[in-house]
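Participant: Let me begin by handing over the structure; questions about it come next.
The values are calculated or read from the model by the stated rules, or taken from the named source; none is laboratory data. Computed from a prediction, not measured in an experiment: that's the story for all the values here. Here Cβ is always computed from backbone atoms with ideal geometry, including for glycine, and neighbour counts include all displayed protein chains. Areas reflect the complete protein model, heavy atoms only, side chains present, ligands, DNA and RNA absent. Shrake-Rupley method; radii C 1.70, N 1.55, O 1.52, S 1.80 Å.
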Amino acid sequence: MKDFKKDLFKQKSSLFLIFAVFLFFSCKTTFLPDRYTDPEILETSLLYPQEINWQELEIDGLKDSNFQYTGFQIKSQKTEWKCIRIDLNAENLQITAEPQNSDSGKSFYLKDFSKKKKSLAAINTVPFAKTKRGLSPVSIVKIDGRTICPLNENYSALAFSTNPLRASIIEFQNQKDIEEYPYVFGGFFTILKDGYIYEFQKNKRSRSAAGISGDGRYLYLFACKGINCPTGRNGLNFEECALILKKLGANSAMQFDGGHSTGLTLKDKDFLHPDLQRKVPAALGFLYKNNYSN
């Protein structure tokens, strides 16, 4: 009788193991349809339209040439991207950003940040780590001359000088370069430098990035995502983002935090974000000084 029970137990265990393996692979295959982007670099004819159509942002019934936007859907890859171009020569242009305190650990949706600050354009910025207090940035944040979060030598940063307002990209964060700028926002890696595109792994994801013109006058806020892709396993890779930003007019560019953190707002409304968007601890926005709100 005991031997019979042992044999029965072994049979049940084997059946359970077979069922578990089958269930694992069955569940795994449900995610495969999201992996429909080509792992290699797409042809430029697919990445952007033949002619770039920039539209001016409308504010109080008037068009503002200082804020222009464009976008494109790569239908064959079920991916889309959008970009905002900002003329930093705009009179009374103001930078606004979070976090204001490195110890707060608070997080927020980019749209809520944008509405609170009444920004005309905003993007998520630095990568972060989870701590007991919440989300903690792991890259430099410097606002109005005050360092909120320490530098990370492994990563790049977007820096701003004032009088006049100009943008620069620091390829590797270091104290000497950071000291020169009152505003610095860290991210991940430089993907475009002086027109040269760096090579990376070809992973496709939702992405956010910033590009600048050769003279630092024009700033490009860029984001992409997969269409109807909650897992975030498709989108663009770093090199494709660089190709697009170069086509749009950027001479240099860097990546901010991507994946489910990706976000871009225009006139305090969502302009692009992945299907599943997470809260972030850091963001960068732009508006006019006479419309500034703390």
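Participant: Quick one: which strands (runs of 3 or more DSSP E) sit completely within segment 242-294 and have at least 2 residues that are within 30 Å of Asp60 (Cα to Cα)? Can you show your working first?
Facilitator: Details: elements: 252-255, 264-266, 269-272, 283-288.
The strands (runs of 3 or more DSSP E) meeting that bar are 264-266, 269-272, 283-288.
Participant: Which of the residues spanning segment 150-173 are more than 19 Å from the chain's Cα centre (by Cα), assigned to a loop (DSSP other than H, G, I, E, B) and among the charged types (D, E, K, R)?
Facilitator: Glu153
Participant: Can you find, within segment 175-230, the residue that is modelled with the lowest pLDDT among those that are in a strand (DSSP E or B), among the charged types (D, E, K, R) and closer than 24 Å to Gly71 by Cβ? Don't jump to the end; show me each part of the working.
Facilitator: Filtering segment 175-230 down to residues in a strand (DSSP E or B) leaves 183-186, 190-193, 196-197, 205, 207-212, 218-226.
Next, only the ones that are among the charged types (D, E, K, R) stay: 193, 205, 207, 225.
Now restrict to residues that are closer than 24 Å to Gly71 by Cβ: 205, 207, 225.
Working: Arg205: 93, Arg207: 96, Lys225: 96.
If we take residues in segment 175-230 being in a strand (DSSP E or B), among the charged types (D, E, K, R) and closer than 24 Å to Gly71 by Cβ, then Arg205 is modelled with the lowest pLDDT.
Participant: Which one of Ser136, Ser156, Ser168, Ser161 is of a type in the set (Ser, Thr, Tyr) and open to solvent by less than 10 Å² (accessible area, probe 1.4 Å)?
Facilitator: Details: Ser136 fails: open to solvent by less than 10 Å² (accessible area, probe 1.4 Å); Ser168 fails: open to solvent by less than 10 Å² (accessible area, probe 1.4 Å); Ser161 fails: open to solvent by less than 10 Å² (accessible area, probe 1.4 Å).
Being of a type in the set (Ser, Thr, Tyr) and open to solvent by less than 10 Å² (accessible area, probe 1.4 Å) holds for just one of Ser136, Ser156, Ser168, Ser161, which is Ser156.
Participant: Inside segment 266-277, can you point out the residues that are touching a Gly at 6+ places or on another chain (Cβ under 8 Å) and either within 19 Å of Phe160 (Cβ to Cβ) or buried (at least 17 other Cβ atoms within 10 Å of the Cβ) (or both)?
Facilitator: Of everything in segment 266-277, those that are touching a Gly at 6+ places or on another chain (Cβ under 8 Å) and either within 19 Å of Phe160 (Cβ to Cβ) or buried (at least 17 other Cβ atoms within 10 Å of the Cβ) (or both) turn out to be Leu272, His273, Pro274, Gln277.
Participant: Now for a separate question. Here is a list of conditions, (1) of a type in the set (Val, Ile, Thr); (2) within 17 Å of the chain's Cα centre (by Cα); (3) more than 25 Å from Asp87 (Cα to Cα), and Thr147 meets all of them except one; can you say which number that is?
Facilitator: Here Thr147 meets the rest and fails (2).
Participant: While we're on this one: Could you pull out the residue among Phe189, Phe200 that is open to solvent by 50 Å² or more (accessible area, probe 1.4 Å) and free of Cβ contacts under 8 Å to residues at least 40 places away in the same chain? Walk me through how you get there before you give the answer.
Facilitator: Working: Phe189 fails: free of Cβ contacts under 8 Å to residues at least 40 places away in the same chain.
Every option except Phe200 fails the conditions.
Participant: Just the residues that are part of a loop (DSSP other than H, G, I, E, B), within 20 Å of Ile169 (Cα to Cα) and within 17 Å of the chain's Cα centre (by Cα), please, taken from segment 100-144. Spell out the reasoning first.
Facilitator: Initial filter on segment 100-144 (part of a loop (DSSP other than H, G, I, E, B)): 100-107, 109, 118-120, 125-127, 132-133, 138-140, 144.
Then keep just the ones that are within 20 Å of Ile169 (Cα to Cα); that gives 125-127, 138-140, 144.
If the condition is that a residue be part of a loop (DSSP other than H, G, I, E, B), within 20 Å of Ile169 (Cα to Cα) and within 17 Å of the chain's Cα centre (by Cα), then Thr125, Val126, Pro127, Val138, Ser139, Ile140 are the ones that fit.
Per-residue answers, yes or no, for (1) closer than 19 Å to Asn228 by Cβ; (2) over 25 Å from the mean Cα position of the chain (by Cα); (3) at pLDDT 95 or above; (4) loosely packed, with under 10 Cβ neighbours inside 10 Å:
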residue: Arg35; (1), (2), (3), (4): yes, no, no, no
residue: Ile41; (1), (2), (3), (4): no, no, no, no
residue: Tyr48; (1), (2), (3), (4): no, no, yes, no
residue: Trp54; (1), (2), (3), (4): no, no, yes, no
residue: Ser65; (1), (2), (3), (4): no, no, yes, no
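Participant: Condition test on Ile18, is it open to solvent by less than 70 Å² (accessible area, probe 1.4 Å), of a type outside the set (D, E, K, R) and either modelled with pLDDT under 95 or touching a helix residue (DSSP H, G or I) at 6+ places or on another chain (Cβ under 7 Å) (or both)?
Facilitator: no
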